[in-house]
Amino acid sequence: MVEERLQIILDKIRALEYELFAELQKKEKEFFYEVQEKRVKFQQEIRKHHKTLMTKVRHYMRDAAVMNVVTAPVIYSCIFPALFMDLALSVYQAICFPVYGIPKVRRSDYIVIDRHYLSYLNAIEKFNCVYCGYFNGLAGYVREIAARTEQYWCPIKHARKHRAIHGRYKFFFEYGDAATYRKEIEKVRRSFDDLKKEENQENA
């Protein structure tokens, strides 16, 4: 019964994600832009208007909080471990996922860089937006690789409450259910048909 309720909740979350995506797409008409082959294009008049709203870099720096400027190097230094993790996880899944029979995670589904097309952002704001977009996308990319790995190697739910429930968690065994774990572990390790179905729908 608990497992069914969890499945229902996770399905609702997924449905809401699709609904959110659909709502975001509606904004294309509202704000006069369209996405063509991953490039965002605004109508010419809108782009001109956006440029009038841009804060020049010298004014942006003049008005910046002192502590924001002081701590900026700390934020930017995080790019080095992030790039290493990006490379390491990409190599890991490229080598191991085919061996395990796990569908690879498409990096482009998570790391989206498109805010630099906004003409009302100055150079510093664009750089910051690219940086944040990369980091948050990388977090989602890494999480999905880890989730699929966890489903293969240790698909067991936790006994304690936690905030790290991911999309693969619904396939996991109940904590303490030893008999089912031993009986169906190989089946769960290969339960990725939903991902293949989603990919086929997207490619259709």
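Please work out whether the range 47-102 counts as rounded, prolate or oblate from its C-alpha gyration tensor, where a ≥ b ≥ c are the square roots of the eigenvalues and a/c under 1.5 means rounded, while otherwise a/b larger than b/c means prolate and anything else oblate?
oblate
Based on the alpha-carbon gyration tensor of the range 31-203 and its eigenvalue square roots a ≥ b ≥ c, which shape applies: rounded if a/c is under 1.5, prolate if not and a/b is larger than b/c, or oblate?
prolate
Every number in this text was worked out from the coordinates using simple rules, so none of it is lab data. Note that the structure is a prediction, hence the values are computed from the model and not measured.
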